[in-house]
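Working notes for the structure below.
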Amino acid sequence: MKQSVVALLVLFALATAGQALAVDAGSCEASAVSKDGKKLAGAAKASFIKKCEAASTPAAGACEAKAVDKNGKKLAGAARTSFLKKCEADTAAH
């Protein structure tokens, strides 16, 4: 778990810095481990890989950085999910 969290934080930091990321399914698959260090399988693995690949796109990093409210606090929950979905769709359309 710690390895996957660290990997996602590194990917996020690189994406928000505006650097191009070339993350393939292999690197996400390699970091798909549970809290106790066992490899994920089935639906848990598929969900992790989907989130990992989505988080590794440059558009996702840019949208994450913009996901703040009018007071400068990070969005959370449904507001964050909705904002990210709209932001990424708008970015893909351009």
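Just so you know, all these numbers are worked out from the coordinates, no wet-lab data involved. Just so you know, these numbers come straight off a predicted model, no measurement behind them.
Extension gain, A92 to V33, is 18.2 nm, computed as 0.36 nm per intervening residue step minus the present C-alpha separation. Bridging of K38 to lysines at a Cα separation below 25 Å is possible for K2, K50, K51, once same-chain residues fewer than 8 apart are set aside.
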